[in-house]
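Student: Mind having a look at this structure? Questions to follow.
The values are calculated or read from the model by the stated rules, or taken from the named source; none is laboratory data. Here the structure is a predicted model, which means the values were calculated and not measured. All Cβ positions, glycine included, derive from the backbone under ideal geometry; neighbour counts span all protein chains shown.
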Amino acid sequence: MLRFPTDGRIQASVLDASAKTKYVEGLQVEVLMFSYEVYRVVHFSGLFALVLALGAITLHIIQGGTKQDFKAKKLVMATHGTGLLISLVGGFGLLARLGLTGGLPGWVYLKLAIWLGLGMSPILLYKRPQTAKAVWFILIVLFISAAYTARYKPF
């Protein structure tokens, strides 16, 4: 039997205590999943990076900056992309820990649509800089909507 090396402290806090046994090509493998709390931290870490990047881009555009004169563009866009990826991985990890069966509920599709909107917002900001002040408030509404949807799962 193959086992993933863990000490007791890590297994109790980071990894779920209940291991799932799977058989891969005749070998018995014990798979330890990360806990709900770990995925939540991963998800929120991605969201913090996303808020930071979108705030930086929006404020740069509001102050009259352009894509060409943005000195920190590579750093900010890397933070934006990394934040999107980390929040998506954490979000799907949370979904896996919820144990949903029979397809995804409607609130997950709304969260994915919000995620796409957050991912595309730098394009809107650079293509139409006159909308930057409105986008600032739209981003706030999107983040609040995502939080409400995740917390209350309205549909």
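Student: Taking the stated definitions as given, is residue 94 more than 18 Å from residue 51 (Cβ to Cβ), at pLDDT below 95, assigned by TED's automatic domain parsing to the domain that holds residue 67 and within 13 Å of the chain's Cα centre (by Cα)? Please lay out each step first, then the result.
Tutor: Details: more than 18 Å from residue 51 (Cβ to Cβ): yes; at pLDDT below 95: yes; assigned by TED's automatic domain parsing to the domain that holds residue 67: yes; within 13 Å of the chain's Cα centre (by Cα): yes.
So residue 94 passes the test.
Student: A follow-up question, please. Residues to consider are 2, 27, 32; find the one that is crowded, with 16+ Cβ neighbours inside 10 Å, at pLDDT below 95 and over 30 Å from residue 126 (Cβ atoms). Steps first, please.
Tutor: On the way: 2 fails: crowded, with 16+ Cβ neighbours inside 10 Å; 27 fails: crowded, with 16+ Cβ neighbours inside 10 Å.
Exactly one of 2, 27, 32 is crowded, with 16+ Cβ neighbours inside 10 Å, at pLDDT below 95 and over 30 Å from residue 126 (Cβ atoms), namely 32.
Student: Cβ-Cβ under 9 Å, sequence separation 6+ or interchain: first residue in segment 108-120 and more than 17 Å from residue 44 (Cα to Cα), partner assigned to a helix (DSSP H, G or I). Which pairs?
Tutor: 110/145; 110/146; 110/149; 117/138; 117/139; 117/142
Student: Would you say residue 87 is touching a helix residue (DSSP H, G or I) at 6+ places or on another chain (Cβ under 7 Å), surrounded by fewer than 17 Cβ atoms within 10 Å (Cβ to Cβ) and modelled with pLDDT of 95 or more?
Tutor: Values: touching a helix residue (DSSP H, G or I) at 6+ places or on another chain (Cβ under 7 Å): yes; surrounded by fewer than 17 Cβ atoms within 10 Å (Cβ to Cβ): no; modelled with pLDDT of 95 or more: yes.
It is false that residue 87 is touching a helix residue (DSSP H, G or I) at 6+ places or on another chain (Cβ under 7 Å), surrounded by fewer than 17 Cβ atoms within 10 Å (Cβ to Cβ) and modelled with pLDDT of 95 or more.
Student: Within segment 53-68, how many residues are touching a helix residue (DSSP H, G or I) at 6+ places or on another chain (Cβ under 6 Å) and either among the charged types (D, E, K, R) or surrounded by fewer than 15 Cβ atoms within 10 Å (Cβ to Cβ) (or both)?
Tutor: In the first step, residues of segment 53-68 are kept if they are touching a helix residue (DSSP H, G or I) at 6+ places or on another chain (Cβ under 6 Å); the result is 53-54, 56-58, 61-62, 67.
Cutting the leftovers down to either among the charged types (D, E, K, R) or surrounded by fewer than 15 Cβ atoms within 10 Å (Cβ to Cβ) (or both) gives us 62, 67.
Matching residues across segment 53-68 total 2.
Student: Scan segment 127-153 for residues that are at pLDDT below 95 and either touching a helix residue (DSSP H, G or I) at 6+ places or on another chain (Cβ under 6 Å) or within 26 Å of residue 73 (Cα to Cα) (or both) and jot them down.
Tutor: 153
Student: I need the full set of residues from segment 102-112 which are assigned to a helix (DSSP H, G or I), out of contact with any Gly (no Cβ under 9 Å at 6 or more places or on another chain) and surrounded by 13 or more Cβ atoms within 10 Å (Cβ to Cβ), in order please.
Tutor: We begin by selecting, within segment 102-112, every residue assigned to a helix (DSSP H, G or I); these are 106-112.
In the following step, the residues that additionally are out of contact with any Gly (no Cβ under 9 Å at 6 or more places or on another chain) were identified as 106-107, 109-110.
Correct list: 107, 110.
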